[in-house]
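Trainee: Please read through the structure below; I'll follow up with questions.
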């Protein structure tokens, strides 16, 4: 059996995964999972295009990819196949038909917007699949099947419009409950939590983190490298505070901290925590 | 080449983590290079008891999966500036299946090349977490409290340890209340040794200072006024080969003599 070969190339439009067209699809999935897992959270939020070469994907395989990337926090933008549209998988001919890029599937950003829907009764409904990972995955998976199948067959051009109207990257995940030890939220955009974040819980966001409660866990804002990201909390008592590539922890003195909202951000190359002033320029990353 | 020791109990809440923290800190204060490994993935506590929670960046899963070297994940204890005492924390957002036995064996092999003592804090239970914890161990310490349920579980664990190739585990009896034993309301050391039939490494009396030290994240073994701390200091010295009698637990002469006799037989 030939080893599943994956080449990842980055450009300003995001990452492109070039997948081996010879090996088993299941091997590809395993190889992608390994790549994504080994990258930890560094790829969270990256936009991904998949080029499957001459391979003809079945509906199930498309669906598998569609779920696979978001489960590691990546945003799947499209899948490109070079196989000819009739489905006669003649490789030689397919290779010649260079310009015939058939966009067989386009996923739109607006699927992620659906995670802003209020969670029913504030309880987590994703415990079945990934117990501790609370993220946008379930929302995407819960999107009505009808819209999925149309998205899968559409040309993609129709799906481009909602992206623009919904404001591109400005995505925010709203969580209306307390995060407990062992629970993680990973999201490429901003994260707003109406509740507490307890010690042992992690919030990793590509953008800002705003907690309308006591933050006692580990925060990582700007996890994709944004130095402008901020962490704001009603009471900021983090175990650890990370912004972009900076990691800080509170001093060892047992100090309960002040009783007012605070904001943590990078100033002069250092993570600083100060009182949150209403009306001042303390909202961090410009909207 | 160091020693790899697993601290286990079967039952939860008998003081495995407290014991690991105190023995490890005790050994470090005697000058040994020590690493504490928390294998309770998903329910980690050792970092909290050691007061090192806010220093965690990488954890045991990052190491066993090969993402970072163990030296990068180790947290040096702030109380020993020369870096004698180290902690390898467990992951909190994963579960026990994130590590397998072969990976643990490899990790222990690597760690014992650098450290004099590798102490493994085992999770409660007898499932995957327990199997992982004992996979790389060469010696075992069983912690129990003077309760029938804890003794029953300890007995089961001793059997499983033997099946796993860890012969002659040693026993630490934790939270003993000598006054209650004297009145006959609590199992005595003798009763427990009768059932378990293994060597007693030490007896730690019930002590309020443990609660305080756990909350503060400072192991009691460093507190000269703590009786439990004294018991752990004695255990530490016994581990390094010193012959230390069991401490006087302020009970009747008769029992104390029996205790001494048991210990004498045990050595």
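Trainee: Given points 7 Å out from each Cα along the Cα-Cβ axis, report the residue B:30 to residue B:102 separation in nanometres with one decimal.
Mentor: 3.6
Trainee: Can you sort A:58, B:93 so the residue with the fewest Cβ neighbours within 10 Å comes first?
Mentor: The fewest-first ordering by Cβ neighbours comes to A:58, B:93.
Trainee: Can you give me the distance in nm between label points at residue A:260 and residue A:24, each placed 7 Å from the Cα along the Cα-to-Cβ direction?
Mentor: That separation, rounded to one decimal, is 6.3 nm.
Trainee: Viscosity 0.890 mPa s, temperature 25 °C: what is the translational diffusion coefficient of the range B:58-199 from Stokes-Einstein with a Kirkwood Rh over Cα pairs, rounded to a whole number of µm²/s?
Mentor: Value of D from the Cα-based Kirkwood radius: 144 µm²/s.
Trainee: Say R0 is 45 Å: what FRET efficiency, to the nearest 0.05, do residue B:183 and residue B:243 get from their beta-carbon distance?
Mentor: 0.90
Trainee: Highest mean first, how do B:17-23, B:169-175 rank when packing is the count of other Cβ atoms within 10 Å averaged over residues?
Mentor: Answer by packing, highest mean first, reads B:17-23, B:169-175.
Trainee: By how many nm would the segment from residue B:114 to residue B:225 grow when fully extended, if each residue of separation counts as 0.36 nm and the alpha-carbon distance is taken off?
Mentor: Once the chain is fully extended between residue B:114 and residue B:225, it gains 36.7 nm.
Trainee: Give the angle, between 0 and 90 degrees and rounded to the nearest 10, that separates the Cα long axis of helix B:148-163 from the longest principal axis of the Cα atoms of chain B.
Mentor: 50
Trainee: Rg/Rh for chain B to two decimals, with Rh computed the Kirkwood way over all alpha-carbon pairs.
Mentor: 0.95
Trainee: Can you tell me the orientation of helix B:227-239 relative to chain B, as the angle in degrees between its alpha-carbon axis and the longest Cα principal axis, to the nearest 10?
Mentor: In chain B, helix B:227-239 runs at an angle near 70 degrees to the longest axis.
Trainee: Further, regarding this structure: Within 10 Å of each residue's Cβ, count the other Cβ atoms and sort B:206, A:253 from fewest upward.
Mentor: In increasing order of surrounding Cβ atoms, one gets A:253, B:206.
Trainee: Can you give the FRET efficiency for residue B:163 and residue A:278, using 1/(1 + (r/R0)^6), R0 = 56 Å, r = Cβ-Cβ distance, to the nearest 0.05?
Mentor: Efficiency computed from Cβ-Cβ geometry: 0.30.
Trainee: With labels modelled as points extended 7 Å from the Cα through the Cβ direction, what inter-label distance (nm, one decimal) is found for residue A:5 paired with residue A:60?
Mentor: 2.7
Trainee: Just want to confirm a number: the relative contact order over chain B, from Cα pairs under 8 angstrom separated by 6+ residues, in percent.
Mentor: Value for chain B: 24 percent.
Trainee: Would you mind classifying the range B:1-127 by shape? Square roots of the alpha carbon gyration tensor eigenvalues, ordered a ≥ b ≥ c; an a/c under 1.5 is rounded, otherwise it is prolate if a/b is larger than b/c and oblate if not.
Mentor: rounded
Trainee: Which FRET efficiency value, to the nearest 0.05, is calculated for residue A:37 and residue A:178 with the Förster distance at 25 angstrom and r the Cβ-Cβ distance?
Mentor: 0.35
Trainee: Just want the ordering: B:177, B:156, from fewest to most Cβ atoms lying within 10 Å of their own Cβ.
Mentor: Neighbour counts put them in this order, fewest first: B:156, B:177.
Every number in this text was worked out from the coordinates using simple rules, so none of it is lab data. Just so we're clear, the structure is a prediction, and the values are computed from it rather than from any experiment. Cβ: placed from backbone, ideal geometry, glycine included. Neighbour counts: every protein chain shown.
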